[in-house]
Every structure is written in C-alpha cells, then in structure tokens.
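Encoded as structure tokens, the structure appears first; notes follow it.
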Amino acid sequence: MRLFETKNLYVRYLKTEDQDAFYDMQSNPNVMRYIKKTMNFEESKKELDRFITYYTEDKTFYNIWAVVESETQRFIGICGVYKNKHSEYEIAYRLRECFWRKGFGQEIAKALISYCFDIMRLPELTAYVAKENVGSICILEKEMKYIEESYAQKENILEQKYKAYREY
C-alpha cells in the first residue's frame, strides 16, 4: 500500500524483504555519519523489525516507512515521523548513498511534510540535524524554518533545529 507519492518516488510500509537494502544503508559509514554508529547485519535486522513492529503498536507514535523509486521499484531509503523525547513530532529521512545527489532528499522531505500536515493533521513538525550535515541542512532550509543551534550531549555534536507549522 502506497502512503504517498512524488514525481519519482513513493512511500510504503517497511517489509522484512527490505532487509538487504536496509542493511546496505545502515552499514554505510557515509550514510550514518551524522546519525548513529553503523550497524552489522543483525543490528540492522533488529532495527528494521522494531520499525515494522511499531505499525501495530498503539501506544508509540513512531512511523518510519520505506522510500521506493517508482521507475525501478528499488528501496532507496526511509522517511517518517515520530514523537521524540521532547514530545515533538520529528521528521526523519535517510537515503542509501547510491541515490544521493539526484534530488530525492528534497523531493521526499517536501512530500513527507505535506503528508504529515495534510493527511496526518499534525500541528507542527521539527527536525534536528548535525551542524556539519550540509546536505540535510540545504534540504531543511527550503522546507522549514531555522530555530536554533544547540549541543546534543548524547551524540556529542552541535545540531540545528528546524520547525514547520501547519497552515489552516
């Protein structure tokens, strides 16, 4: 089932069959550089299973979905929205490195924000990005408003916070 589509991509629920491509993304140091440590196959499988489990869990607002290239049906990454530790609706996206620099990050971020506002009816969205992650910052600055920079102690990085508000 497609949750939403763009010109070149569509978003659907993750499936266990995504494991190999998901692992390709999670084990890549360039992809994970600003997010968390790379994962081995077993760690990646556990994370995929956890994301899938959230689809049937009512008590946790955690929606991470597969991003698929329409033309080839290839799994290119993930995107989603979840309630973070500050009770904010935080968006996230991550693409396999072989799909970088094709405009897919911007395309999926814009569509994800629209979906969260128009279909999920969320009032506002937040995104956090490492200050050094220039690619994601360029994407977010086109779609959201810069709020502040702060130190993320757990990750030991400076990060920038962005927000977008639903228009009524």
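Taking R0 as 35 Å, what's the FRET efficiency between GLN73 and VAL134 from their Cβ-Cβ distance, rounded to 0.05?
0.70
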Quiz item: Quick one: how many Å² of SER87 are accessible to a 1.4 Å probe, rounded to 10?
Solution: 80
Quiz item: the range 27-76: which trypsin sites (Lys or Arg not before Pro) are DSSP loop and have at most 15 other beta-carbon atoms within 10 angstrom?
Solution: ARG33, LYS36, LYS37, LYS59, ARG74
Quiz item: With charges only on Cβ, +1 for K and R and -1 for D and E, what is the dipole size of the range 72-126 about its Cα centre, in debye, rounded to 20?
Solution: 240
Quiz item: Using +1 on the beta carbon of Lys and Arg, -1 on that of Asp and Glu, and nothing else charged, what's the dipole of the range 15-168 about the Cα centre, debye to 20?
Solution: 240
Quiz item: Counting only protein heavy atoms and using a 1.4 Å probe, what share of the accessible area of the chain belongs to carbon plus sulfur, as a whole percent?
Solution: 47
Quiz prompt | Filtered trypsin sites (Lys or Arg not before Pro), the range 82-168: DSSP coil and at most 12 other beta carbons within 10 Å | solution = LYS85, ARG101, ARG121, LYS154
Practice problem: Find the eigenvalues of the gyration tensor of the Cα atoms of the range 29-168, then list the square roots of 5 times those eigenvalues as equivalent ellipsoid semi-axes, largest first, in whole angstrom. | Solution: 21, 19, 18
Practice problem: Give me the number: length gained by fully extending MET1 to ASP118, i.e. 0.36 nm times residue separation minus the C-alpha to C-alpha distance, one decimal in nm. | Solution: 40.3 nm
Quiz item: TYR62 versus SER27, label points 7 Å from Cα toward the beta carbon: distance in nm?
Solution: 2.3
Quiz item: In deg cm²/dmol and to the nearest 500, what is the mean residue ellipticity at 222 nm of the chain if only DSSP H runs of at least 4 residues count, each as -39500 (n - 2.57), divided by the residue total?
Solution: -8500 deg cm²/dmol
Self-check item: Solvent-accessible heavy-atom area per residue, rounded to whole Å², over the chain at 1.4 Å
Solution: 57
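The values are calculated or read from the model by the stated rules, or taken from the named source; none is laboratory data. Keep in mind it's a predicted model, so treat the numbers as computed, not measured. Every residue, glycine as well, gets a Cβ built from its backbone with ideal geometry; the counts of neighbours run over all protein chains shown. Note: accessible area is taken over every heavy atom of the protein model, side chains too, but ligands, DNA and RNA are not part of it. Shrake-Rupley method; radii C 1.70, N 1.55, O 1.52, S 1.80 Å.
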